[in-house]
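The next block holds one structure in the form of structure tokens; read it before the comments.
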Amino acid sequence: MLTSNRRSGNPSPGSSGSPSYSSAQSSSTDGPQRLFNVAVIGLSGTEREKGASGVGKSCICNRFVRPLEDDFVTDHISTLSQADFSGSCVVNNDHWLYWGERTITVADDSSAHAEWTFRLIEQTEFVDDESFQPLTGSGPHQKESYHKRAAAVKLHSPDKLMYVSKDQLGLETEYEQRPLPDGRVVIDGFIFVYDVSAVPRRSFQQQSDFAVHVLQQVCKVAKKPVVLVAAKYDDACIDGVKEVERLMSRKELRSYSIPVVDCSAVGNINVEAAFSLLGHVIDKCKSKPKILNFKDAERTRREQCDVGRTAFVNRLRMYIPLEEWPRRRVTWSQLMTRLGMSRDPDFIHFCELFGRGQAQKLYRQYVNELREIWMQRKLAAYAPRLPEAFRRMLPDVDAIRGCRWPEVLESLQCHPLFDDYFQPLGTLGADLDPISPDQDLSRPDDRRIPAELLLTSDAEICFANYVNIVEAETKRERWARLVEALR
């Protein structure tokens, strides 16, 4: 079972003399902690090369390094101005990004739990926002083709800052400024991202030919482990899935036995598993983690989400009981602060899975359910008072006989006694809304009938019954007068 921790992100202090490259080998200790420097690579370039959208490298990096739902975004930088390319320490005149670090807990060959830290680099290709051609970098390997540059093992970029989001460029001081330790890194392994979804203006053959060239560079020249991630599997097409199988069976790659992991960054499915597998390969562990196929991994994820959602809903019911709602109408702010929901483990876990926005949305849905239940109860309690209101406001049944219910409603609303018998429309709902701390609760109890009751089918039925009763009474009175006249 994999568990994860968020790194504090404090940069390691520089060593005396000339700085050395950090790698899994150089950071290894006698303890269970390890550091793996991983480069995430895949088809990059202009729209002519990559098609209408990227293969998902940034989303894979984002989801792994910052797995919480509120930290995940799908829109990342690919097109830059020359000023941002050369002037921002996040880009730093390089075609690669430093994504930061994340530590996960895994079981190693000794059956003990070990902490593995992954430091992520994304190799990409930034495009000028005016010429729409690749920008020219100034660092080592930056003028080489992507095929060679992506397989580079030693990277150097002084003062390189961790990338958080595309909004960070030009506003670096407003974001966490975490530099790449020593400005240098030695890559220990690679994640190659292959998009198995259908993308306009990009063929799978084009993507596969690109993959062969890059993977050969990684395996033959860099001689580093690599895991191929079949990305966007939640939107996979059958041609994309089959093309990955054909790619792995091509003679140029067959001898390397590259493992394949089906992933979805959007769904957070198998992303951590892919990095864990790469760590086991880098560390030359005898045992490898079991990687679920996408269907089983998706079902497992769905079950985890269902459990998390159910636990949060049960917490809502505990904090805001149905029977107490009219007297204790808790706002979201009160729920988080005064009642302490923000510290509840089930709430925290739900936010990790779905995000705080979804938690607030579920709260609103639950409150609306409470309001609806209590509204129906109140309307049912007021329904027996409708006949008296009809009798006082519409005593002449002959004048409304044959009228449709909308016409009857109009007659009621125009009647001078309407406000004496009925509350304004919306009053009932407002009486069941969450109460803000500064809301005035001194309003006297209104005993009038909620106007919402007139919009229900029960009111129409009640009016039909009232008409029948009045007609029956009129007939009895008429017969009584006839009998009296015959005496």
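When restricted to residues that are without any contact (Cβ under 8 Å) to a residue 40 or more places away in the chain and not polar (S, T, N, Q), the stretch 231-249 contains 6. All told, Leu97 meets the bar of being at pLDDT 85 or above and either in contact with a His (Cβ under 9 Å, 6 or more places away or on another chain) or surrounded by 22 or more Cβ atoms within 10 Å (Cβ to Cβ) (or both). Within the stretch 258-278, the only residue that satisfies the criterion of being in contact with a Gly (Cβ under 8 Å, 6 or more places away or on another chain) and over 14 Å from Tyr194 (Cβ atoms) is Leu278.
Sub-7 Å Cβ pairs linking a first residue in the stretch 177-200 that is closer than 27 Å to Leu277 by Cα to a second residue that is in a loop (DSSP other than H, G, I, E, B) and aromatic (Phe, Trp, Tyr), at least 6 apart or interchain, are Arg184/Tyr21; Val185/Tyr21; Val186/Tyr21, ordered by first then second residue. Total residues in the stretch 267-292 satisfying the condition of being closer than 23 Å to Ile238 by Cβ and touching a helix residue (DSSP H, G or I) at 6+ places or on another chain (Cβ under 7 Å): the figure is 6. Considering Pro200, Pro179, the condition of being in contact with a strand residue (DSSP E or B) (Cβ under 7 Å, 6 or more places away or on another chain) and farther than 27 Å from Lys223 by Cβ is satisfied by Pro179 alone. Hey, any hits in the stretch 102-111 for a residue that's more than 15 Å from Ser276 (Cβ to Cβ), touching a residue at least 24 places away in the same chain (Cβ under 8 Å) and either touching a helix residue (DSSP H, G or I) at 6+ places or on another chain (Cβ under 7 Å) or open to solvent by 10 Å² or more (accessible area, probe 1.4 Å) (or both)? No, the stretch 102-111 contains no residue that is more than 15 Å from Ser276 (Cβ to Cβ), touching a residue at least 24 places away in the same chain (Cβ under 8 Å) and either touching a helix residue (DSSP H, G or I) at 6+ places or on another chain (Cβ under 7 Å) or open to solvent by 10 Å² or more (accessible area, probe 1.4 Å) (or both). Return yes or no: is Ser342 closer than 16 Å to Leu68 by Cβ, in a helix (DSSP H, G or I) and out of contact with any Cys (no Cβ under 8 Å at 6 or more places or on another chain)? So Ser342 fits the description; yes.
A single entry from Arg385, Arg401, Arg371 fulfils the requirement of being out of contact with any strand residue (DSSP E or B) (no Cβ under 9 Å at 6 or more places or on another chain), open to solvent by 70 Å² or more (accessible area, probe 1.4 Å) and not aromatic (Phe, Trp, Tyr): Arg401. Could you say whether any residue in the stretch 293-308 is open to solvent by 50 Å² or more (accessible area, probe 1.4 Å), out of contact with any Leu (no Cβ under 6 Å at 6 or more places or on another chain) and over 24 Å from Tyr233 (Cα atoms)? No, there is no match, as no residue in the stretch 293-308 is open to solvent by 50 Å² or more (accessible area, probe 1.4 Å), out of contact with any Leu (no Cβ under 6 Å at 6 or more places or on another chain) and over 24 Å from Tyr233 (Cα atoms). Looking at the stretch 367-435, the helices (runs of 4 or more DSSP H) lying wholly inside it that each contain 2 or more residues that are of a type in the set (A, V, I, L, M) and in contact (Cβ under 8 Å) with a residue 60 or more places away in the chain sit at 386-393, 397-400. Screening Ser58 with (1) buried (at least 24 other Cβ atoms within 10 Å of the Cβ); (2) farther than 24 Å from Lys160 by Cβ; (3) among the small types (Gly, Ala, Ser) gives one miss only, at (2). Kindly indicate whether Thr117 is surrounded by fewer than 20 Cβ atoms within 10 Å (Cβ to Cβ) and in contact with a strand residue (DSSP E or B) (Cβ under 8 Å, 6 or more places away or on another chain). Yes: the conditions hold for Thr117.
Only residues that are β-branched (Val, Ile, Thr), at pLDDT 95 or above and outside any loop (DSSP other than H, G, I, E, B) were counted in the stretch 165-198, giving 4. Leu353 - would you say it is touching a Cys at 6+ places or on another chain (Cβ under 9 Å) and in contact (Cβ under 8 Å) with a residue 60 or more places away in the chain? So Leu353 fits the description; yes.
Residue by residue, here is whether (1) surrounded by fewer than 20 Cβ atoms within 10 Å (Cβ to Cβ); (2) more than 25 Å from the chain's Cα centre (by Cα) holds:
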residue: Ile191; (1), (2): no, no
residue: Tyr194; (1), (2): no, no
residue: Pro225; (1), (2): no, yes
residue: Ala230; (1), (2): no, no
residue: Ser249; (1), (2): yes, yes
residue: Cys263; (1), (2): no, no
residue: Asn268; (1), (2): no, no
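You will find that of Ser26, Ser44, Ser58, Ser81, the residue that is at pLDDT below 85 and touching a Ser or Thr at 6+ places or on another chain (Cβ under 8 Å) is Ser26 and no other. Identify all residues within the stretch 277-304 that are part of a helix (DSSP H, G or I), closer than 23 Å to Phe354 by Cα and either in contact (Cβ under 8 Å) with a residue 60 or more places away in the chain or not acidic (Asp, Glu) (or both); write none if there are none. Selection gives Phe294, Lys295, Ala297, Glu298, Arg299, Thr300, Arg301, Arg302, Gln304.
The values are calculated or read from the model by the stated rules, or taken from the named source; none is laboratory data. Model, not experiment: these values are computed from the prediction. Here the Cβ is made from the backbone with ideal geometry for all residues, glycine too, and neighbour counts use every protein chain on show. Side chains included, ligands, DNA and RNA excluded: accessible areas come from the protein's heavy atoms. Shrake-Rupley method; radii C 1.70, N 1.55, O 1.52, S 1.80 Å.
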